[in-house]
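Right, one structure below, let's go through it.
The values are calculated or read from the model by the stated rules, or taken from the named source; none is laboratory data. Predicted model, so just to flag it, every value in this text is computed and none were measured. Glycine gets a Cβ as well: all are built from the backbone with ideal geometry, and neighbour counts include every protein chain shown. Heavy atoms of the whole protein, side chains included, go into the accessibility calculation; ligands, DNA and RNA do not. Shrake-Rupley method; radii C 1.70, N 1.55, O 1.52, S 1.80 Å.
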Amino acid sequence: MRMYDLIMKKRNGEELTTEEINYFIQEYTKGEIPDYQVSALMMAIYFQKMNKRETADLTKAMVDSGEIIDLSAIEGVKVDKHSTGGVGDTTTLILGPIVAAAGAPVAKMSGRGLGHTGGTIDKLESFEGFSVDMSVERFIQNVNEKKIAIGGQTANLAPADKKLYALRDVTATVDNMSLIASSIMSKKIASGADAIVLDVKTGSGAFMKNEDDAFALAKEMVDIGTHIGRNTIAVITDMDQPLGFAVGNALEVKEAIDTLKGKGPKDLTELCLTLGAHMLVLGEKANTVEEARRVLEEIIASGKGINKLKELVKAQGGNEEFVENPSLFPTASIVEPVLANEEGYVKGIKADDIGRAALVLGAGRETKESEIDLSVGIVLHKKIGDFVKKGEKVATIHANSVEKQKIATDMILDAYTIVKEKIEAKTLIKGIVTKDGINRF
Ligand code: URA
Ligand code: CA
């Protein structure tokens, strides 16, 4: 087989066979095919697209390019959740405990990664002593005994995707549905999920700015899951403004604690109940989403959810007293309000810009080597549809440098669009995609 022929075939709009897809993924992973040829193939795929079969084959080939985590020693259906990314998304910290408390195993491998704030692991490290360092045996034992464990991504998962994603990033070939969908799904499947709930975000703070694109991406991923024998559903949700109020590490953990105690922001609570209900159905712990939702509401109301978080923190060496006494979390030295300079209704909050302001404050990593400041971040007080008076607080900044606090203040004010006419609040859940079709609300 010659790479040249594959490029020509795809350039001419023909379909690649399973063998051809396996060939280029295997050889590229080994370093036997140069980047320039793979770049040309990616560009050909970008223009000529891939069909469902090719997309599923590409996903499988990327899964097989590295290690596949074996979670078969864990009892029950392992359901994983994946979000396509947004700002202030604290759902994992809430979903993990409530789903585990309902009896479904939560075997979560999380990353640190680059971003506006740290990843789930960074956030959990706000608990003094918390660690993800444990053997695979211990990880599995914790899930079997406590129904939940959070591990670091140590395995060599889907290395073909790592190389391809980096190459696509610099060759303007990221935004092709088949390439994005296979990239995301390959990582989920390699990390051992039996079933997958996807939270596909749409809006200013999301990868998919446009709602139709978000539905199309969701459909593509659900089709891959179905093709590969992993029950997959996708919920399409709004990311036109940050989720909840807090954006930062310790600040988001505190928000997660409030939510687990039944006192969290409405949108964050709603999203967790929706995603969690689908996880329980796929995990065969409930027959319908309505029944599952009632179970989760009861778990929050009875305190079983917050107790599960304590159990998780303690099991991984963290100080669980922080849960009852959030003042123990790292705090910033400067806590200053951002005041509105006009009156009206909030029409938009550019989630991306709020994220960048959090990054300026030090909440996230700009490069792999950056150190995260767990204490800093932003707490919003006004969301889309709210009325603001001139001089009223729209947000509070938690900073450790006056200079950064000033920069963030300007960025936050710029991120808000305030208008005179009344604005409706946003609908959070836009629809659901299952193997049976698309249901737009
Ligand atoms: N996220 C991924 O993991 N892969 C893509 O291709 C795009 C977003
Ligand atoms: Ca939040």
Suppose R0 equals 41 Å; then what is the FRET efficiency for ASP410 and SER131 from their Cβ-Cβ distance, rounded to the nearest 0.05? 0.60
Can you tell me which aspartates and glutamates have their Cα less than 15 Å from the Cα of LYS78? Leave out same-chain residues fewer than eight positions away. ASP70, GLU145, ASP194, GLU284
Residue separation between LYS347 and ASP169 times 0.36 nm, minus their alpha-carbon distance, gives in nm 60.9 nm
Pick out which of GLY88, GLY225, GLY151 has the largest mean-square fluctuation in a Gaussian network model of the chain, springs linking Cα atoms closer than 10 Å. GLY151
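First compute the accessible area of the stretch 25-79 with a 1.4 Å probe, then give the percent of it belonging to carbon and sulfur atoms.
In the stretch 25-79, the share of accessible area belonging to carbon and sulfur is 51 percent.
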With springs only between Cα atoms under 10 Å, which of LYS389, LYS308, LYS146 fluctuates most in a Gaussian network model of the chain? LYS389
At the level of C-alpha centres, the distance separating the stretch 258-297 and the stretch 1-44, in angstrom, is 43
For the chain, modelled as a GNM with alpha-carbon contacts under 10 angstrom, which of ASN142, ASN12, ASN319 fluctuates the most? ASN12
Report in % the part of the accessible area of the stretch 342-386 that belongs to carbon and sulfur, leaving out ligands and nucleic acids; probe 1.4 Å. 43
Work out, step by step, the length gained on full extension between ASN12 and LYS261: first 0.36 nm times the residue separation, then minus their alpha carbon distance; give nm to one decimal. 83.9 nm
Hits in the stretch 96-124: amide N under 18 Å from the 7 Å Cα→Cβ extension of ALA73, namely 105-109
So ARG53 and HIS381, fully extended at 0.36 nm per residue minus their Cα-Cα distance, gain in nm 113.4 nm
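Percent relative contact order of the chain, based on C-alpha pairs within less than 8 angstrom and at least six residues apart? Provide the component values of the computation, followed by the final result.
Working: 938 pairs, mean separation 85.6, N = 441.
Relative contact order comes out at 19 percent.
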Quantify, in whole percent, the carbon and sulfur part of the accessible surface of the stretch 101-174 (1.4 Å probe; protein heavy atoms only). 50
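Computed over the Cα atoms of the stretch 165-276, what is the convex hull's projected area averaged over all directions, in nm²?
If I average the Cα hull's projected area over directions, I get 8.1 nm².
Write down the accessible area per residue of the chain in Å², having rolled a 1.4 Å probe over the full set of protein chains.
Ligands and nucleic acids excluded, the figure is 42 Å² per residue.
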Enter the Cα centre distance for the pair the stretch 185-239 and the stretch 395-416, rounded to the nearest angstrom. 33
